Amino acid sequence: MTDLKFCEPDDVPAIFSGYDEKIEQLDVGKSGKIGLLRLKFEEDLDKNKTVITDQYSQIPLYTQKALYYDEALPNMAHLFIMSPSGGILQGDRYRMDISLANNAVSHITTQGATRIYKMNSNYATQMININVGKNCYLEFIPDQIIPFQNSRYYQKVSLNVDPSATLIYSEIIVPGRVAMGELFSYDICYLKTMGQDTEKKIKFIDNCMLKPKNQNMNALGIFGKHTVLASVYILVKNEYILTLNKKINSIIKNNDEVSGGSTILPNDSGLLVRLMCNSSEIIKTEIYNIVRVVRKEILHAEFTDIRKT
C-alpha cells in the first residue's frame with residue numbers, strides 16, 4: 001500500500017491543525033483512506049492516437065480505459081476519473097500524478113462532482129500534479145467541488161507546463177448542498193494552485209481560502225450576490241496570450257448570467273479566468289465556451305460538450 005507521506009501535502013496550512021484529533025474514525029493512512037492515480041499519455045505513431053503508456057490506481061481513485069469519440073480530434077484520448085466511495089471523507093488523502101509526453105493530446109474530466117462529506121474530526125486533502133511536456137495539449141475539466149456541512153478540505157495543484165505546450169485546468173466550487181438547506185455551511189475549503197516551468201521555477205501561486213463560518217460570504221470582494229465560483233487556468237505559448245485574452249473577455253462580456261473576466265498571469269505564463277454566477281451548470285457551460293475558443297486557436301479543431309452517461 002502507498003505510504004501516507006507520499007499522498008499528504010507537506011504544506012498543509014496551520015489552519016487545519018486544530019482538527020487533527022481522532023473521534024471514532026478510521027485512522028488516516030489505513031486502507032481505503034489513501035487514493036492514488038498515476039497516468040502517463042504519449043502519442044502512438046503507429047495507431048495515430050494518444051495512448052496511456054503508464055497507469056496505476058489505488059482505490060478510491062481509478063479510471064476506465066481511454067475513449068476516442070471526438071470526430072474533430074479522433075487522436076485525442078478522453079479519460080474519466082472515478083471513485084466508488086462517492087466522495088471524499090474525513091481523513092482521506094488523495095493524490096493524482098498526470099503527465100503528457102511526445103505530442104500527446106488528451107481531455108480529462110471526472111465522472112461527477114467531488115463531494116466533500118461532513119466531518120466530525122480531521123480533514124481531507126488532495127494533491128494534483130500535472131506535467132505537460134513539449135508540444136502536448138491537455139484539457140483537465142473536472143466537475144464541481146461540493147463541500148458538505150462541517151467539512152474541511154485542502155487541495156494543492158501543481159501545473160508544470162513546457163513553454164511549447166498547452167494546458168487548460170478548471171475548478172468550480174459551489175456553496176454546498178443547497179437543496180438540503182446547506183448554504184456555505186462548511187468549515188474550510190482551501191484551494192492552492194501553482195504554475196511552474198519544466199525546471200520547477202514558480203511562475204505564479206493562486207490561493208483561495210474560504211471559511212464561511214468566519215467570513216461574510218456575501219460581502220463585496222468575496223462572493224457578493226453570487227454563490228458559485230470558478231477558476232480556469234490557461235497556460236499557453238506567449239504568442240497566443242493576447243489573442244485568447246481578448247476573445248475570452250468578449251465571451252464573458254456577452255453573458256448576462258456570468259460575472260468575471262480573463263487576466264494575464266505573472267511572467268506571461270498564461271491566463272487566469274475567474275467566473276461567478278448562481279448556477280454550476282451555467283458556469284460549466286461558460287467554461288466549455290472558453291475551452292472551445294482555446295482549442296480552436298491552438299488545435300484548429302471544434303469542441304463539443306463532454307459526454308457523460
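The values are calculated or read from the model by the stated rules, or taken from the named source; none is laboratory data. All values derive from a computational prediction rather than experimental measurement. FYI the Cβ positions are ideal-geometry reconstructions off the backbone, even for glycines, and counts take in every protein chain you see. When the accessible area is computed, the model is the full protein with side chains, heavy atoms only, and any ligands, DNA or RNA have been set aside. Shrake-Rupley method; radii C 1.70, N 1.55, O 1.52, S 1.80 Å.
Report, by residue number, each residue of region 125-144 that is among the hydrophobic types (A, V, I, L, M, F, W, C) and open to solvent by less than 10 Å² (accessible area, probe 1.4 Å).
128, 130, 132, 136, 138, 140, 141
Looking at (1) more than 30 Å from residue 15 (Cβ to Cβ); (2) buried (at least 21 other Cβ atoms within 10 Å of the Cβ), which is the only condition residue 102 fails?
Residue 102 satisfies all of (1) more than 30 Å from residue 15 (Cβ to Cβ); (2) buried (at least 21 other Cβ atoms within 10 Å of the Cβ) except (2).
How many residues are basic (Lys, Arg) and open to solvent by less than 10 Å² (accessible area, probe 1.4 Å) if we restrict to region 277-301?
1
Which of the residues spanning region 173-183 are open to solvent by less than 30 Å² (accessible area, probe 1.4 Å) and either under 28 Å from residue 132 (Cα atoms) or in contact (Cβ under 8 Å) with a residue 40 or more places away in the chain (or both)?
Across region 173-183, the qualifying residues are 173, 174, 175.
Select from region 132-156 the residues that are within 17 Å of residue 81 (Cα to Cα) and either out of contact with any strand residue (DSSP E or B) (no Cβ under 9 Å at 6 or more places or on another chain) or polar (S, T, N, Q) (or both) and list them in ascending order.
Listed by number, the residues that qualify are 144, 155.
Just need a number here: residues in region 208-250 that are open to solvent by less than 40 Å² (accessible area, probe 1.4 Å) and either under 26 Å from residue 268 (Cα atoms) or in a loop (DSSP other than H, G, I, E, B) (or both).
Residues in region 208-250 being open to solvent by less than 40 Å² (accessible area, probe 1.4 Å) and either under 26 Å from residue 268 (Cα atoms) or in a loop (DSSP other than H, G, I, E, B) (or both): 20 in total.
Only one residue in 115, 152 is crowded, with 23+ Cβ neighbours inside 10 Å and basic (Lys, Arg). Which one?
Going through 115, 152 in turn, the sole match is 152.
Within region 46-53, is even one residue assigned to a loop (DSSP other than H, G, I, E, B), closer than 20 Å to residue 128 by Cβ, open to solvent by 40 Å² or more (accessible area, probe 1.4 Å) and not acidic (Asp, Glu)?
Within region 46-53, none of the residues are assigned to a loop (DSSP other than H, G, I, E, B), closer than 20 Å to residue 128 by Cβ, open to solvent by 40 Å² or more (accessible area, probe 1.4 Å) and not acidic (Asp, Glu).
Given the criteria touching a residue at least 40 places away in the same chain (Cβ under 8 Å), small (Gly, Ala, Ser) and buried (at least 23 other Cβ atoms within 10 Å of the Cβ), does residue 170 qualify?
yes
If I filter region 219-249 down to residues being among the polar types (S, T, N, Q) and in contact with a helix residue (DSSP H, G or I) (Cβ under 9 Å, 6 or more places away or on another chain), which single residue comes out as farthest from residue 159 (Cα to Cα)?
227
Does residue 118 count as over 22 Å from residue 87 (Cβ atoms), without any contact (Cβ under 8 Å) to a residue 60 or more places away in the chain and more than 18 Å from the chain's Cα centre (by Cα)?
Criteria not met by residue 118.
Please determine, by comparing only the residues of region 260-287 that are free of Cβ contacts under 8 Å to residues at least 40 places away in the same chain and closer than 21 Å to residue 241 by Cα, which one is nearest to the chain's Cα centre (by Cα).
My answer is 271.
Somewhere in region 5-27, is a residue at pLDDT below 90, within 23 Å of the chain's Cα centre (by Cα), among the aromatic types (Phe, Trp, Tyr) and open to solvent by 20 Å² or more (accessible area, probe 1.4 Å)?
yes
For residue 304, indicate whether it is part of a loop (DSSP other than H, G, I, E, B), open to solvent by 50 Å² or more (accessible area, probe 1.4 Å) and either under 18 Å from residue 113 (Cα atoms) or among the polar types (S, T, N, Q) (or both).
Yes, satisfied.
Here are some conditions: (1) within 24 Å of residue 299 (Cα to Cα); (2) over 18 Å from the mean Cα position of the chain (by Cα); (3) surrounded by fewer than 22 Cβ atoms within 10 Å (Cβ to Cβ). Residue 40 meets all but one. Which one does it not meet?
Only one criterion in (1) within 24 Å of residue 299 (Cα to Cα); (2) over 18 Å from the mean Cα position of the chain (by Cα); (3) surrounded by fewer than 22 Cβ atoms within 10 Å (Cβ to Cβ) is unmet by residue 40, namely (2).
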